[in-house]
Amino acid sequence: MTSTQFRALWLEFHERVRVERDQLNRLDAAIGDADHGTNLDRGLQKVAACAADTTDHLAATCRQVGTVLLSTVGGASGALWGSALLRAAGALPDSDTCDTAAALAALGQGVSAIQARGHAELGDKTMLDVWLPSLEDLDRRLSAGAACGEAVAATAGRAAVLAQDTAPLQARRGRAAYLGPRSVGHVDPGSVSTALFWQALATVLARS
Ligand SMILES: [Mg+2]
């Protein structure tokens, strides 16, 4: 991945969140406080504005995106995305490009940071219910010899299914956990926005 692609990824992710903003708010209204789409859209708008006028290398850009999301998204999502990116930046090189292995390592580090920060596990009805199996899915496809772009596209499709699969789960972390059994039957909004991230990544990789 190049730093130009990395910046394009955040513009693409913002575009997808902007389009789905009201839907993400509706999902959050069912089990949270109805602001997931608005919060993420606001943070990514700021990221897009910053990304447009930076020429920084991968690690610095990743750190910048993390800092902006941490300070503008607010709530649990801001802390989780911010921590993920700040940790991922440590796995990226101080240069304009990285290979697939480094990009995967950065993704893995980011997801570890989300796990550490949110104290959530698989099945808790959080974004990790998309992140963890998606990473495994991507790893499996790449190990089987798939080309990077094709593998990410397939994983993005899987991520969308995984997001919908959070509906029958009972929330055990975050605001939704207060609802107990009443959280069952609603899709987790953070899982849906995570799937949008995977789709954005697939779109950007397909362009080059
Ligand atoms: Mg919320």
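Each reported figure results from applying straightforward, stated rules to the coordinates on display, with no laboratory input. None of these values were measured; they are calculated from a predicted model. Reconstructed Cβ throughout: ideal geometry from the backbone, glycine too, with neighbour counts over all protein chains shown.
The table for this structure:
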item	result
Descending semi-axes in whole angstrom, ellipsoid equivalent of region 32-115, from the Cα gyration tensor	23, 16, 8
Assigned charges on the beta-carbon of Lys, Arg, Asp, Glu; region 104-181 dipole about Cα centre (debye)	260 debye
Whole-percent pair-distance distribution, where bins are 5 Å wide, for the alpha carbons of the chain	1, 8, 16, 21, 23, 17, 9, 4, 1, 0
Simple Cβ-charge dipole of the chain, Lys/Arg +1 and Asp/Glu -1, about Cα centre, in debye nearest 20	360 debye
Farthest positive-ward along region 3-207 dipole, Cα basis, beta-carbon charges - from CYS62, ALA30, ALA113	ALA30
Burial ranking of peptide ranges 5-11, 190-196 (average Cβ count within 10 Å, highest at the top)	190-196, 5-11
Total charge dipole magnitude, region 61-139, about the Cα centre, Cβ charges on Lys, Arg, Asp, Glu only, Debye to nearest 20	400 debye
